[in-house]
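In what follows, a single structure is set out as structure tokens and then discussed.
The values are calculated or read from the model by the stated rules, or taken from the named source; none is laboratory data. What you see is a predicted model; the values in this text were computed from it and never measured. A quick note on method: Cβ atoms are made from the backbone with ideal geometry, for glycine too, and the neighbour counts reach across all protein chains shown.
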Amino acid sequence: EAEIPSNGEILEGTSGGNKIVFVSDADLGKYYYVRFYLLPGDDASEDGTLEAGMFLVGGQKASVRLPSGYYRVACWIGDAWYGLDALFGPDATEFGSENAIRSRFGYINTISFE
């Protein structure tokens, strides 16, 4: 196991732009890792380009700032952190987004896994 990052710590990419708030539920898992992929349009079935990756502690919320655009969100949940390459290992639960979220100036988006 690797050292546990701080809640809300950006481990990949950068945080800058419009505010996105992520709310996690401790009942779903102890730790979360969320990646935001910038899409060329608004189709969440496209892969996109990794813009940021954020670590969260279950039951807490944190925010990331993303430039304006559409993003696909991928989330992994687990109880033991193994670092960026393995995330939570083979016991991780993965959630994907079938819809693109939009980051835009003047708005705060909230993503909730409850």
Next on the checklist: Residue under question is Ser15, and the condition is that it be within 25 Å of Gly106 (Cα to Cα) and hydroxyl-bearing (Ser, Thr, Tyr); does it hold?
Outcome noted: yes
Item to check | Where a residue in segment 63-77 is without any contact (Cβ under 8 Å) to a residue 60 or more places away in the chain and its partner, wherever it lies, is among the basic types (Lys, Arg) and part of a loop (DSSP other than H, G, I, E, B), with Cβ under 9 Å and at least six apart | outcome: Ser68/Arg104; Gly69/Arg104; Ile77/Lys30
Checklist outcome for this item: For segment 69-113 the number of residues that are outside any strand (DSSP E or B), at pLDDT below 95 and hydroxyl-bearing (Ser, Thr, Tyr) is 2
